[in-house]
Amino acid sequence: MAYTCPADSGPCAGFLVSASDNKRVWCGLSPLGCRRTTEMASSSDVHVRICGQEIIKYDLEIKAIIQDIRECPGPQASLLEFNARVKEKFNQLRHRIQDLEQMSREQDKETDRLVIQLETESQRKQLLSNQTAWRKANLACKLAIDSLEKEELLDQGASGTTRQRKATKESLVHTSSDITESLMSISRMMAEQVHHSEDTVGSLVTSSKTVQETNEEFRSMTGTIHLGRKLILKYNRRELTDKLLIFLALALFLATVLYILKKRLFPFL
């Protein structure tokens, strides 16, 4: 059964739509996740855009398969086939998330790097949510298959009862092994998520300190500029005073010279 997301043609509605019967299934993508992906898609980095689109595609495919598992009536082979498919999609999604994380480290701008890191953390959480939904869908499907098999066992003769129970137990052991492996993978993913969250917090603290230091430098430069302006105005006023004094001294000197010449050349005046 194929599902599509309405976010491809408009704002995210939070559900998938079946192409065959128009049935709506909960998607799990938050509007914030869709906006982040849109911001990432507007970046000039083509590889980041393609990686984000592939992550969304794998996420939607995983949700569709999980919904198929919920609706699977059996037999056990069909459930195993669905589980094999969803495992493959989880591996592909995990690799693409790791690629997106690597791309975030290669960004030149701090803002682009933080946006991509936040989207990576969101996709990791979505991956963990999908794995939890997968386990629940498996348990629900197994209970339904077990109930159906019990009814078939009651209808069949005693000769086939032992053989069917043995097959069911083997299937349950195999499924339990798969669930244990999935839980171990979730544990590793959670440890990685904690580590990356610490790195993100450290980056935010460093950026905050840088902004504060820049602000302090701007304040210091502003004070220096105001002081220089005051000194320039003071020097301009002093220059005007000096010119006036020089002019008065020159006038006094010329008057003195004229007076001496008058006394020497025209003593009778």
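In the list Met190, Met184, which residue meets the criterion of being touching a residue at least 24 places away in the same chain (Cβ under 8 Å), open to solvent by 90 Å² or more (accessible area, probe 1.4 Å), part of a helix (DSSP H, G or I) and under 26 Å from Gln117 (Cα atoms)?
Met190
Kindly evaluate Val211 against the criterion of being open to solvent by less than 70 Å² (accessible area, probe 1.4 Å), farther than 30 Å from Thr132 by Cα and modelled with pLDDT of 85 or more.
Answer is no for this residue.
Scan the range 54-97 for residues that are of a type in the set (Asp, Glu) and either over 24 Å from the mean Cα position of the chain (by Cα) or open to solvent by less than 10 Å² (accessible area, probe 1.4 Å) (or both) and jot them down.
Asp59, Asp68, Glu71, Glu81, Glu88
Has the range 207-215 got at least one residue that is part of a helix (DSSP H, G or I), within 30 Å of Gln117 (Cα to Cα), of a type outside the set (D, E, K, R) and in contact (Cβ under 8 Å) with a residue 24 or more places away in the chain?
Yes, the range 207-215 contains at least one residue that is part of a helix (DSSP H, G or I), within 30 Å of Gln117 (Cα to Cα), of a type outside the set (D, E, K, R) and in contact (Cβ under 8 Å) with a residue 24 or more places away in the chain.
Only one of (1) over 30 Å from Ala84 (Cα atoms); (2) surrounded by 10 or more Cβ atoms within 10 Å (Cβ to Cβ); (3) at pLDDT below 85 fails for Thr256. Which number is that?
Among (1) over 30 Å from Ala84 (Cα atoms); (2) surrounded by 10 or more Cβ atoms within 10 Å (Cβ to Cβ); (3) at pLDDT below 85, the lone unmet condition for Thr256 is (3).
So if I check each of Glu106, Glu149, which one is more than 28 Å from Leu60 (Cα to Cα) and modelled with pLDDT under 85?
Glu149
Do we find that Arg113 is modelled with pLDDT under 85, touching a Ser or Thr at 6+ places or on another chain (Cβ under 9 Å) and within 18 Å of His47 (Cβ to Cβ) in this structure?
In short, yes.
The values are calculated or read from the model by the stated rules, or taken from the named source; none is laboratory data. Worth saying up front: this structure is predicted, and the values here are computed from it rather than measured. Cβ: placed from backbone, ideal geometry, glycine included. Neighbour counts: every protein chain shown. Surface areas here come from the heavy atoms of the whole protein model, side chains and all, with no ligands, DNA or RNA. Shrake-Rupley method; radii C 1.70, N 1.55, O 1.52, S 1.80 Å.
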